[in-house]
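Engineer: Sending over a structure as structure tokens; questions will come in a sec.
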Amino acid sequence: MLGALVGLTAEAKLLRARLPHCAIAVSGATREGAERGIAALKRAGATQLLSFGCAAGLSPLLKPGTILVPDWVDVDGRRFQTDLTLRNRFGAGQAGAKHGGLRHSDDLIVTAADKALLFAETHCLGVDMESGLVAQAGLPFAVLRVICDDAARDLPPVAQDVLAEGRISIPHLLSGLARKPNQIGALMALGREAGIARKAMKSFLRRVH
């Protein structure tokens, strides 16, 4: 039985449309939420895990909408290999899919400078906040991610504190913009990139499922 861990409810909805019988847990983009989600998936009977959703780009060659099907996940310098059968099931070898490493971080990586530093240290293609915990869960696993904010993108401050229970909180968003309205342009650009990523993932899922 496959269980999937995602960061956001929107990602869960996207995956559910293609895998209606898959057990899905939402981390809310926190370590504690990811740990609870993995435990819930195991209780539900999951014997294989998928880490699914968006990632931040680390490689400067990758643009928003790039699909990642990593060979391994880096957790503080330790590499965890993804399962070959699952990796193939979720699009390894498909046109446009990139392979290599994905970095795990417990914290949101918000600046281009920090992304560049991580890339220099690890040579990973991207970074997310769930895959390392999935990798350490003790079950065969795969990762299917799409680049949202690329290596050159600084996240606006409001994007760092806008989530509540895996969803964008409109009150948090409006409050942040009221305090710093000069973020609007960067937030709109991030929204466009998120739309590109969502469209690319939907198209990729149709091809592989």
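Engineer: Checking LEU139 against (1) open to solvent by less than 50 Å² (accessible area, probe 1.4 Å); (2) of a type in the set (A, V, I, L, M, F, W, C); (3) within 17 Å of the chain's Cα centre (by Cα), which test does it fail?
Structural biologist: (3)
Engineer: In this structure, is GLY93 of a type in the set (Gly, Ala, Ser) and modelled with pLDDT of 95 or more?
Structural biologist: no
Engineer: Moving on to the next point. Could you go through the stretch 66-83 and let me know if any residue there is in a helix (DSSP H, G or I) and either at positive phi or at pLDDT 95 or above (or both).
Structural biologist: Within the stretch 66-83 (the criterion being in a helix (DSSP H, G or I) and either at positive phi or at pLDDT 95 or above (or both)), the answer is no, since none of the residues qualifies.
Engineer: Can you tell me which residues in the stretch 89-135 are of a type in the set (S, T, N, Q), part of a loop (DSSP other than H, G, I, E, B) and buried (at least 16 other Cβ atoms within 10 Å of the Cβ)?
Structural biologist: Within the stretch 89-135, just SER105 meets the criteria.
Engineer: With the structure loaded, tell me whether ALA142 is touching a residue at least 24 places away in the same chain (Cβ under 8 Å) and among the small types (Gly, Ala, Ser) or whether it fails that test.
Structural biologist: yes
Engineer: May I pose another question? Hey, could you check the stretch 58-88 for residues that are surrounded by fewer than 23 Cβ atoms within 10 Å (Cβ to Cβ) and among the polar types (S, T, N, Q) and say which is nearest to GLU11 (Cα to Cα)?
Structural biologist: Looking at residues that are surrounded by fewer than 23 Cβ atoms within 10 Å (Cβ to Cβ) and among the polar types (S, T, N, Q), I get ASN88.
Engineer: Any idea which of (1) out of contact with any helix residue (DSSP H, G or I) (no Cβ under 6 Å at 6 or more places or on another chain); (2) farther than 18 Å from MET1 by Cα is the one GLY65 doesn't satisfy?
Structural biologist: Single failed check for GLY65: (1).
Engineer: Please go through the stretch 13-31 and pick out each residue that is part of a loop (DSSP other than H, G, I, E, B) and more than 13 Å from the chain's Cα centre (by Cα).
Structural biologist: If the condition is that a residue be part of a loop (DSSP other than H, G, I, E, B) and more than 13 Å from the chain's Cα centre (by Cα), then LEU19, PRO20, HIS21, CYS22 are the ones that fit.
Engineer: Of the residues ALA39, ALA10, ALA55, ALA34, which is without any contact (Cβ under 8 Å) to a residue 12 or more places away in the chain, farther than 18 Å from HIS209 by Cα and either open to solvent by less than 10 Å² (accessible area, probe 1.4 Å) or assigned to a helix (DSSP H, G or I) (or both)?
Structural biologist: Result: ALA39 is the single residue among ALA39, ALA10, ALA55, ALA34 that is without any contact (Cβ under 8 Å) to a residue 12 or more places away in the chain, farther than 18 Å from HIS209 by Cα and either open to solvent by less than 10 Å² (accessible area, probe 1.4 Å) or assigned to a helix (DSSP H, G or I) (or both).
Engineer: Moving on to the next point. Give the number of residues within the stretch 142-152 that are closer than 18 Å to ARG78 by Cβ and either among the hydroxyl-bearing types (Ser, Thr, Tyr) or open to solvent by 40 Å² or more (accessible area, probe 1.4 Å) (or both).
Structural biologist: Residues in the stretch 142-152 being closer than 18 Å to ARG78 by Cβ and either among the hydroxyl-bearing types (Ser, Thr, Tyr) or open to solvent by 40 Å² or more (accessible area, probe 1.4 Å) (or both): 0 in total.
Engineer: Right, next: Looking at the stretch 16-28 only, could you name the residues that are open to solvent by less than 30 Å² (accessible area, probe 1.4 Å), closer than 24 Å to ASP107 by Cβ and aliphatic (A, V, I, L, M)?
Structural biologist: ALA25, the sole residue that qualifies.
Engineer: While we're looking at this one, here's another question. Here are some conditions: (1) surrounded by 18 or more Cβ atoms within 10 Å (Cβ to Cβ); (2) in contact with a Phe, Trp or Tyr (Cβ under 8 Å, 6 or more places away or on another chain). GLY3 meets all but one. Which one does it not meet?
Structural biologist: (2)
The values are calculated or read from the model by the stated rules, or taken from the named source; none is laboratory data. Predicted model only: the values in this text are computed from it and were never measured. Virtual Cβ from ideal backbone geometry, glycine too; neighbours counted across all protein chains shown. Only protein heavy atoms, including side chains, enter the accessible area calculation; ligands, DNA and RNA are left aside. Shrake-Rupley method; radii C 1.70, N 1.55, O 1.52, S 1.80 Å.
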